[in-house]
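Below is one structure, written out as structure tokens; the observations come after it.
Please treat every number below as a calculation from the coordinates, not as lab data. Please read all numbers here as calculations on a predicted model, not as lab measurements. Every residue, glycine as well, gets a Cβ built from its backbone with ideal geometry; the counts of neighbours run over all protein chains shown.
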Amino acid sequence: DQIFPRLFPDINPEKRERLSQECYLQEAEFIERQGGLLYPGVAQGLLALREVCRLFIVSNGQAGYIEQFLRGTGLQDCFRDFECHGNTGLSKGENLRDLVQRQRIHQVWYVGDTLGDAQAARFAGLPFIFVEYGFGQCDEAEMRFSEFSRLVDWIGSEVHAF
């Protein structure tokens, strides 16, 4: 909703909306066909984590994006549930809070790579783990990891501590 008006400010809103919808369709087809480039160790780490804890996704993306990405990467069996702005029209923090309630999750770590992720976790009252190799910078995190494998090791040790 914010990108296309910035990219194409001189196009009338109806044309801009049609253009954005066509781009979303093309992107969705590409993502489902090609998957995506995952950071090193993420696919293996998610496969290991699904054996010791329940995994979920919260995104601020459009409807269908998560499903297409998961099918494209072959990781759909790693996640129990997901929610996104495109499905609900809600913020990432609201979706995060609602997913935690819907799934009755009692011990939660929200892992993200942007300040917006930290803010969503704070909104939902959850601890935030920042992965430093992602898109953004963030000083507001309870923990931080520079490699996904270290995050996986830490979560594994925390789960086994219960």
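For the reader, a short list of remarks on this structure follows.
- Charge tally in the Cβ shell below 12 Å around Leu25, where Lys, Arg are +1 and Asp, Glu are -1, Leu25 excluded: -3
- Residue-count net charge about Leu90 - beta-carbon cut-off 11 Å; Lys, Arg +1, Asp, Glu -1: -1
- Loop-resident sites, the stretch 74-162, for trypsin sites (Lys or Arg not before Pro), counting at most 10 other Cβ within 10 Å (DSSP): Arg104
- A DSSP coil position with no more than 12 other Cβ atoms inside 10 Å describes the following GluC sites (Glu not before Pro) in the stretch 53-162: Glu140.
- Calculated mean residue ellipticity, 222 nm, the chain: -15500 deg cm²/dmol, from DSSP H runs (n ≥ 4) at -39500 (n - 2.57) each, averaged per residue and rounded to 500.
- Annotation: for a label point projected 7 angstrom from Cα along Cα→Cβ of Glu158, residues of the stretch 42-70 with backbone N closer than 20 Å are 42-59.
- For the pair Arg16 and Tyr133, a Förster radius of 41 Å applied to the C-beta separation gives a FRET efficiency near 0.75, rounded to the nearest 0.05.
- Backbone N within the stretch 41-78 under 11 Å of label point (7 Å from Glu29 Cα along the Cβ vector): none
- Cβ-based net charge around Gly36, under 15 Å, with every Lys or Arg adding one and every Asp or Glu removing one: -3
- FRET efficiency estimate (nearest 0.05) - Cβ-Cβ, Met143 to Leu7, R0 22 angstrom: 0.05
- Set against the labelled values [x] 120; [y] 142; [z] 111, volume of the Cα convex hull per residue in Å³ computed from this structure falls on [x].
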